[in-house]
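Novice: Below is one structure. I have some questions about it.
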Amino acid sequence: AQGVKVRLHDPQALNEIAALYGSREDLILCADQYEAAQGAHALCLVTAWKQYWSPNFKQLQQLMQHPLILDGRNIYD
């Protein structure tokens, strides 16, 4: 969508993503999962890495503008 900025975290693929997409204003690669949630309107879980299994939901709620989580891996209750 136009005007969307994606803040992305992946514990294994950040280097490959950076090589594939290069430097872009609309794609911000984050070294930490909570950094990626900072100021977000929504969080989309699309990979099932173990470190995502038990997030600190209170911290996510505080970091996000709108605490909406879309769980594409069906990990959370």
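Novice: Collect the residues in segment 34-50 that are in contact with a helix residue (DSSP H, G or I) (Cβ under 7 Å, 6 or more places away or on another chain) and farther than 23 Å from G3 by Cβ, keeping them in residue-number order.
Specialist: Y34
Novice: Among the residues of segment 47-77, count how many are touching a Pro at 6+ places or on another chain (Cβ under 8 Å) and outside any helix (DSSP H, G or I).
Specialist: 1
Novice: Look at segment 12-46 and say how many of its residues are surrounded by 13 or more Cβ atoms within 10 Å (Cβ to Cβ), touching a Lys or Arg at 6+ places or on another chain (Cβ under 9 Å) and in a loop (DSSP other than H, G, I, E, B).
Specialist: Final tally of qualifying residues: 3.
Novice: Which one is farthest from the chain's Cα centre (by Cα), of the residues in segment 28-50 that are of a type in the set (S, T, N, Q) and modelled with pLDDT of 95 or more?
Specialist: The residue in question is Q38.
Novice: Under 6 Å between Cβ atoms, which residue pairs at least 6 apart in sequence (or on different chains) link something in segment 13-37 that is over 26 Å from K58 (Cβ atoms) with a partner that is assigned to a helix (DSSP H, G or I) and at pLDDT 95 or above?
Specialist: From segment 13-37, the pairs are L27/Y21.
The values are calculated or read from the model by the stated rules, or taken from the named source; none is laboratory data. Bear in mind the structure is a predicted one, so any value in this text is a computation, not a measurement. Here Cβ is always computed from backbone atoms with ideal geometry, including for glycine, and neighbour counts include all displayed protein chains.
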